[in-house]
Amino acid sequence: MEKNSQGLEQRPKVGIGVLIFNDKNEVLLGLRQNAHGAGEWHAPGGHVEFGETIFETAKREAKEEADLDIDQCELISVADEMRYIKTHGKHYVNLGILAKYIGGKPRAMEPEKCREWQWFLLDNLPEPLYEGTQLTIKNYKDKKIYQPNT
């Protein structure tokens with residue numbers, strides 16, 4: 001196992017991404033900035049905090065990032081997010097969550113991290129997509145929880 005600059009073993013982190021659809025069957029995506037994946041479109045999400053369930057994380061992140069209220073969370077994807085290992089030293093196990101949109105109007109609550117939020121049809125998604133979001137959408141469309149990232 002590789003070691004980081006302090007000589008500690010490097011381990012993947014756990015992140016979640018939340019697919020939220022509106023009543024027009026459009027998915028919410030935000031434009032990342034000032035972080036790995038800058039310039040890429042992503043679903044709301046973030047790190048699972050210690051002592052927090054993945055569904056609690058999904059609800060917290062949707063509110064913190066986009067000021068949306070969600071409910072009825074369901075695990076729909078597990079993915080190996082490895083695109084950013086060489087460029088940013090980031091390796092994640094990404095959990096994709098499907099959630100019911102129950103309220104709020106999307107707005108950039110963390111403008112230093114996300115420039116804007118927009119709704120998109122699944123057959124007309126912007127590019128480039130953030131890797132975790134891309135993998136979650138692929139698994140959702142293919143109706144598979146996990147597919148090896150080959």
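The values are calculated or read from the model by the stated rules, or taken from the named source; none is laboratory data. Just so it is clear, the model here is predicted, and its values are computed rather than measured. Because the Cβ atoms are built from the backbone with ideal geometry, glycine has one as well, and the counts that use them run over all protein chains shown. With ligands, DNA and RNA removed, areas are computed over all heavy atoms of the protein, side chains included. Shrake-Rupley method; radii C 1.70, N 1.55, O 1.52, S 1.80 Å.
Observations on the structure shown:
- Atom-type composition of the exposed protein surface of the stretch 80-150 places 53 percent of the accessible area on carbon and sulfur (1.4 angstrom probe).
- Calculated accessible area for the stretch 16-150 comes out at 54 Å² per residue, all protein chains present (probe 1.4 Å; ligands, DNA, RNA ignored).
- Among the lysines of the stretch 2-150, pairs at least eight places apart or on separate chains and with Cα atoms under 16 Å apart come to 12.
- For residue 98, the solvent-accessible surface with a 1.4 Å probe is about 40 Å², rounded to the nearest 10.
- Dipole orientation for the stretch 1-120: of the candidates 58, 18, 30, 30 has the Cα lying most toward the positive pole (charges on Cβ; Lys, Arg +1; Asp, Glu -1).
- Exposure rank, largest accessible area first [133, 87, 53; 1.4 Å]: 87, 53, 133
- Neighbour net charge for residue 67 - beta-carbon separation under 9 angstrom, K R +1, D E -1: 0
- A DSSP coil position with no more than 12 other Cβ atoms inside 10 Å describes the following chymotrypsin sites (Phe, Trp or Tyr not before Pro) in the stretch 40-103: 50.
- Of all DSSP beta bridges in the chain, antiparallel share, percent nearest 5: 70
- To the nearest 10, the accessible area of residue 60 is 60 Å² with a 1.4 Å probe.
- Axis of helix 131-142 versus longest Cα principal axis of the chain: the two differ by about 60°, to the nearest ten degrees.
- Accessible surface for residue 67 stands near 30 Å², nearest 10, in the context of the full protein assembly shown (1.4 Å probe).
- Compactness of the stretch 67-122 as Cα Rg over 2.2 N^0.38 Å, two decimals: 1.41
- To the nearest ten degrees, helix 54-66 and the longest principal axis of the Cα atoms of the chain are 70 degrees apart.
- When 121, 95 are compared by accessible area at a 1.4 angstrom probe, the order from most to least is 121, 95.
- Shown are 27, 48, whose ranking by accessible area with a 1.4 Å probe and every protein chain present, most to least, is 48, 27.
- Helix-only mean residue ellipticity at 222 nm for the chain, each DSSP H run of n ≥ 4 adding -39500 (n - 2.57), per residue, nearest 500: -5500 deg cm²/dmol
- Overall dimensions of the stretch 45-150, expressed as equivalent-ellipsoid semi-axes from the Cα gyration tensor (√(5λ), whole Å, largest first), are 21, 17, 16.
- Filtered GluC sites (Glu not before Pro), the stretch 29-80: DSSP coil and at most 15 other beta carbons within 10 Å: 49, 52
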